[in-house]
Amino acid sequence: MSLWDDIDKTLIPEDELQQRIAQIGQEINETYTDEDCPLLVCVLKGAFVFLADLTRHLTIRHEVDFMETSSYASRTVSSGVVRILLDLERNIQGRHVLIVEDIVDSGRTLDYVTRNLKTREPASLRVCTLLDKPSRRVIEVPLDFIGFEVPDEFVVGYGLDFAEVYRNLPFIGVLREEIYAEPRRG
Ligand code: PRP
């Protein structure tokens with residue numbers, strides 16, 4: 001048995017992911033200038049794979065920093081409580097900030113992060129997410145760059161996990177239901 005056996009189907013294959021990420025990189029190159037020198041804020045852990053590929057398509061001068069949040073705590077449904085586990089190293093006052101996320105689901109994480117970063121008075125604040133799952137939205141959050149809209153399925157791979165596993169898969173897949181379904185009681 002391997003990780004691959006736990007995947008029901010491939011939702012976005014590796015080549016489609018990479019093509020779209022190159023396009024997003026181009027969109028970002030056309031949005032900022034070298035003088036802007038945007039700070040890409042990677043929301044850990046899920047966005048680390050996306051950031052690593054995205055940054056290599058950027059030709060504009062930029063920097064990266066990391067923030068870690070958690071709202072799921074190994075469960076399949078958001079707890080609704082967002083915690084900052086790791087904060088930025090850099091002061092963002094007056095900086096052009098681009099938040100990089102792997103997925104926007106309920107919108108709670110992004111809402112929390114954007115409200116938090118706005119209080120630090122950046123020059124501008126934009127959001128780039130690889131995946132958008134609008135059917136699950138609880139809080140509306142503006143998105144500036146979107147890779148793919150995905151249906152309401154349990155997606156893993158390319159940084160997205162279930163119980164911290166599957167992040168290494170090079171594609172976006174749908175997890176087999178029996179892997180994440182809670183055992184019946186009684
Ligand atoms: C995931 C994902 C987003 C967030 C999206 O992070 O990376 O940050 O959930 O869900 P939401 O829109 O409902 O808030 P998670 O808290 O699972 O941490 P992880 O990135 O370390 O996996």
In the stretch 83-104, residues that are open to solvent by less than 20 Å² (accessible area, probe 1.4 Å) and either within 8 Å of the ligand (Cβ to nearest atom) or modelled with pLDDT under 95 (or both) total 3
Of the residues in the stretch 134-153, those that are away from the ligand (no atom under 11 Å from the Cβ) and not in a loop (DSSP other than H, G, I, E, B) come to SER135, PHE145, ILE146, GLY147, PHE148, GLU149
Within the stretch 111-130, of all residues that are within 13 Å of the ligand (Cβ to nearest atom) and touching a residue at least 60 places away in the same chain (Cβ under 8 Å), the one nearest to VAL43 (Cα to Cα) is VAL113
All-but-one check, TRP4 against (1) over 26 Å from HIS96 (Cα atoms); (2) open to solvent by less than 40 Å² (accessible area, probe 1.4 Å), failing number (2)
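In the stretch 21-59, how many residues are of a type in the set (Asp, Glu), open to solvent by less than 60 Å² (accessible area, probe 1.4 Å) and either more than 18 Å from the chain's Cα centre (by Cα) or farther than 23 Å from TYR166 by Cβ (or both)? It would help to see each step written out before you state the result.
At the first step, the residues of the stretch 21-59 found to be of a type in the set (Asp, Glu) are 27, 30, 34-36, 53.
With the extra rule that they be open to solvent by less than 60 Å² (accessible area, probe 1.4 Å), the set shrinks to 36, 53.
Checking which are either more than 18 Å from the chain's Cα centre (by Cα) or farther than 23 Å from TYR166 by Cβ (or both) leaves us with 36.
Of the residues in the stretch 21-59, 1 are of a type in the set (Asp, Glu), open to solvent by less than 60 Å² (accessible area, probe 1.4 Å) and either more than 18 Å from the chain's Cα centre (by Cα) or farther than 23 Å from TYR166 by Cβ (or both).
The values are calculated or read from the model by the stated rules, or taken from the named source; none is laboratory data. Remember, it's a predicted structure, so these values are computed and weren't measured experimentally. Every residue, glycine among them, receives a Cβ derived from its backbone with ideal geometry; neighbour counts consider all protein chains shown. Heads up: the accessible areas ignore ligands, DNA and RNA and are worked out on the full protein's heavy atoms, side chains in. Shrake-Rupley method; radii C 1.70, N 1.55, O 1.52, S 1.80 Å.
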